[in-house]
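S.K.: Please find one structure pasted underneath; my questions will follow.
Rule-based calculations on the coordinates, nothing more; no lab input. All figures in this text were calculated on a predicted structure; none of them were measured in a lab. Neighbour counts run over all protein chains shown; Cβ positions are idealised from the backbone, glycine included.
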Amino acid sequence: MYKLIMKIRNLAVASLSLVLFVHMGALAHSSHSAQQDELSYWLKIKATNKYERTEIEDLGIPIEVIKDDYVISYGSQENVEQLKKRNLLIASSPLLSLSDFPPEDGIYHNYSEMQEALTKLAEENPDIVALDSIGKSVEGRELWHLRISTDLANSNQKPATLFVGGHHAREHLSIDVPLRLTQKFIEAYRSGDARVVRLMETREIHIIPMANPDGAEFDIATGRYKMWRKNRRQNKDGSYGVDLNRNYGYQWGTGGSSNSPRHDTYMGPAPFSEPETQALKTFVEKQNNINLLLSFHTYSELILYPWGHNYNPISDIKDLNVFKKMAETMSQWNKYTPMQASELYKASGDTADWAYGAQHIFAFTFELDPTNTLGGAGFYPGPHIIPTVVQKNWEPFLYMMEYADNPYRVLEFNSGLLSF
Ligand SMILES: [Zn+2]
């Protein structure tokens, strides 16, 4: 089954690597010494199964694209040497020079624009939108949170869904998509869309669009994209950043993450060592009504569910069936491939494993569009992609609210696509 899925996915991007090399002709190679933490190489790495892929993640190299017998990643000069030593490197190439949000890419929201957009939503819709901060980042930026409900005075009463974006700095689309879905939702409510009105009246919706504001700002701050992934913690060895999606405290450090601070999948010195993950934890624990969670990432067009830290499936069969049913239902709308996260490779300490393992929240990770990797375009797909990605994730967005009262309802006959 898995093999088949991968085969199907491969068809869409056949001869990708060939195209890449053609386009790699005119490159501006970033100065490596200027910023050692920067990732400056595109990497094609030998790996034929999830065990070999996990070994790569263990080296601190995050995998972005998986094919039958290789994976695509981005890494530093150090990573290139590591892989060469192990005879795993098929090819590497300096990344294309990428500029800061150019005028066209300006429709992506940086931190202050995000702050403005959220403030505007709250000010214009005081009856249904409340804005607050769940805490501060390492560099002191607010971790903004929107609560949406027709009954703001009585928080924590109605079944709730939490949407989170932007754990990884360079995944700017994962910040814009939850923001724009939220704007669309509020517009639909104002225009009297019956389904949205019903959801608004019977559910509570939480949106934390930018879980890693320091990283996102760093990624665009100097006039070029830096391919940054982690937060901006200064580590003991002088390097920067903890991978927030390896820092959650459920089965933390049990594979698919690195304990070397220099690495891109660095798990941090302890579970929840970072203020960003700590704030998320405190917020979720304080709520007692969140039953569903969706964490947006980019890219690869996947719907992932726990476990990430364990190759085995969830042992509770009923829960597993809920995850499978929900993932498959949502995939019919956005056409993303549903699978258990560890089928890709092991990753411990991620949001979804913690949310399910420690809080019994049914938690999913979306890897949004696109699937191609051209010169880093996977993370920087341009502005044209935004409306499409918002549109194809609109139904999954509503579906994640719909079943917040009781996710087990999806197992009832004819649930899912026919439920609305
Ligand atoms: Zn990510």
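S.K.: Using per-residue counts of other Cβ atoms within 10 Å, averaged over each peptide, order 206-214, 300-308 from highest down.
M.R.: Listed from highest to lowest mean packing, they are 206-214, 300-308.
S.K.: Once you place label points 7 Å from the Cα toward the Cβ at Arg409 and Arg224, how far apart are they in nm?
M.R.: The modelled label-to-label distance comes out at 5.2 nm.
S.K.: On a C-alpha basis, how far is the centre of segment 112-133 from the centre of segment 232-254 in Å? Whole number, if you could?
M.R.: 30 Å
S.K.: Right, next: Rank-order 124-131, 268-275 by packing density, defined as the average count of other C-beta atoms within 10 Å over each peptide's residues, highest first.
M.R.: Descending packing order for the listed peptides: 268-275, 124-131.
S.K.: Hey, what D do you get for segment 248-309 in µm²/s if you plug the Kirkwood alpha-carbon radius into Stokes-Einstein at 37 °C and 0.692 mPa s?
M.R.: In µm²/s, the coefficient rounds to 240.
S.K.: Taking the Cα centre as origin and putting +1 on Lys and Arg beta-carbons and -1 on Asp and Glu beta-carbons, what dipole magnitude results for segment 104-418, to the nearest 20 debye?
M.R.: Charge dipole of segment 104-418: 480 debye, to the nearest 20.
S.K.: Enumerate the lysines that Lys120 could reach by cross-link, defined here as Cα to Cα under 21 Å, with residues fewer than 8 away along the same chain left out.
M.R.: Lys136, Lys184
S.K.: Select from segment 275-377 those trypsin sites (Lys or Arg not before Pro) which occupy a DSSP coil region and have at most 11 other Cβ atoms within 10 Å, ordered by residue number. Walk me through the intermediate numbers first.
M.R.: On the way: sites: Lys281, Lys286, Lys318, Lys324, Lys325, Lys335, Lys346; in loops: Lys335, Lys346.
For trypsin sites (Lys or Arg not before Pro) across segment 275-377 that sit outside H, G, I, E and B with at most 11 neighbouring Cβ atoms in 10 Å, the list reads Lys335.
S.K.: Follow-up question, since we're still on this one. State the volume of the convex hull built on the alpha-carbon positions of segment 104-418, expressed per residue in Å³ and rounded to an integer.
M.R.: Values: hull volume 38.9 nm³, N = 315.
Spelled out: Cα convex hull of segment 104-418, divided by residues, is 123 Å³.
S.K.: For all pairs of alpha-carbon atoms in segment 235-284, what percent lies in each bin of width 5 Å, listed from the first bin to the last filled one?
M.R.: 4, 26, 32, 23, 12, 3, 0
S.K.: In this model, which of Lys67/Lys335; Lys325/Lys392; Lys46/Lys324 are farther than 20 Å apart at the alpha-carbon?
M.R.: Values: Lys67/Lys335 18 Å; Lys325/Lys392 18 Å; Lys46/Lys324 30 Å.
Checking Cα-Cα distances, Lys46/Lys324 exceed 20 Å.
S.K.: Only counting other Cβ atoms within 10 Å, I'd like Phe218, Phe323 sorted with the fewest neighbours first.
M.R.: Phe218, Phe323
S.K.: Please go through segment 170-242 and write out the trypsin sites (Lys or Arg not before Pro) that DSSP classes as loop and that have at most 12 other C-beta atoms within 10 Å.
M.R.: Passing both the DSSP loop test and the Cβ count: Lys236.
S.K.: Sticking with this structure for a sec: Quick one: Tyr225, Tyr51, Tyr248, fewest Cβ neighbours within 10 Å first, how do they rank?
M.R.: Fewest-to-most ranking of Tyr225, Tyr51, Tyr248: Tyr51, Tyr225, Tyr248.
S.K.: Sticking with this one: Mind checking which aspartates and glutamates have their Cα closer than 18 Å to the Cα of Lys85? Skip sequence neighbours fewer than 8 apart in that chain.
M.R.: Filter leaves Glu52, Glu55, Glu57, Asp58.
S.K.: Give me log10 I(q)/I(0) at q = 0.11 Å⁻¹ for segment 59-217, Debye formula, one equal scatterer per alpha-carbon, no solvent.
M.R.: -0.59
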